[in-house]
1. Once the piece of chain linking ASN55 and ASN36 is laid out straight, how much longer is it, given 0.36 nm per residue of separation minus the C-alpha distance between them?
2. Points 7 angstrom from Cα along the Cβ direction at LEU8 and GLU201: gap in nanometres?
3. Could you work out the per residue convex hull volume over the alpha carbons of region 2-88, in cubic angstrom?
4. What FRET efficiency comes out for the pair VAL226/PHE120, r = Cβ-Cβ distance, R0 = 51 Å, nearest 0.05?
5. Can you figure out the FRET efficiency of ILE158 with TYR194, using R₀ = 30 Å and their beta-carbon distance, to the nearest 0.05?
6. Scan around THR230 for amide H atoms under 5 Å from its own, H built in the peptide plane at 1.01 Å from N, and keep only partners 5 or more places away or cross-chain.
7. What's the Kirkwood radius of region 185-255 in Å, using all Cα pairs?
Amino acid sequence: MSQELLKLAFEKARKEIGSKKKTHLARHLSDLFLENYKYPINERTLRDYYNKLENNDFGKQDDLKPKLVECLCLYLGYNNYAEFVGDNQNKPKSAVGKLGGKTINQTKRSNSFKPKALMFLGIGAVLIVAIIVWSSTKENDTSEIHLECMTWADSLYIKYPCNKRPYSEEGNKIVPFNEHLYNNMNKVTVSASYNFFNQKEQPLVWYYKLDDSQVEFYTSPGLHPVHGKTLKAVTKYIIEKYVPVHQPSKNSFAE
């Protein structure tokens, strides 16, 4: 059951940062565990665990350490491992990614296959060829704009033609469209009055340090849209050190 924790954590990380690369996911989790739970674990260790899980090569010698299990539970919203087990013990195991044998009904259906179905297969083949030809024609049409990608533009993601890869005119990477990041990832200017946390003291802002004196703030967790580093959840220490109490403006001082 503890292996299921690791799987769910990687799935959650994938949604948060919009990346499928195991290295990025492991680095994201490693940074979060250190930042939020003071638990240091190397990203390579997490990646090795996940590789063994994917390859069904998890042995007793690979059992997750109790502290790691605790961090995984907290990250997934559970107070402890017992709560996770109690909430999931009656749920069926996922069969995603596994190859199973045919069921009785599937076997019967395959045995009842009749020559009449060949006509439908022929029609389907013609349709597939037609779609391939139509798609290739569209790809060769340079006037067609495909908005299935996006790129970072100063403070937010904008839709961008995929056929302009790998970089936009501003020099930023063009990446596959991710609805969560497109709707939620923004760079913001903050002051001491900004809402950094919700009522449950959970962060609403994440940050990235450009250097010892410059910090950028974002409205969603994930990877930095330009540098690719994991954004960290804001803390009271970061707010006190880097957020000005007063934001100077043209009319903010008495003459």
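Any read-out appearing in this document is the output of simple, stated calculations on the displayed coordinates, not a laboratory observation. Since we're looking at a predicted model, the values are computed, not measured. Backbone-built Cβ (ideal geometry, glycine too); neighbour counts: all protein chains shown.
1. 3.9 nm
2. My value for the distance between the label points is 2.4 nm.
3. Spread over its residues, the Cα hull of region 2-88 gives 93 Å³ apiece.
4. With R0 = 51 Å, the Cβ-Cβ based efficiency is 0.50.
5. 0.80
6. Result for THR230 returns HIS224.
7. That comes to 13.1 Å for region 185-255.
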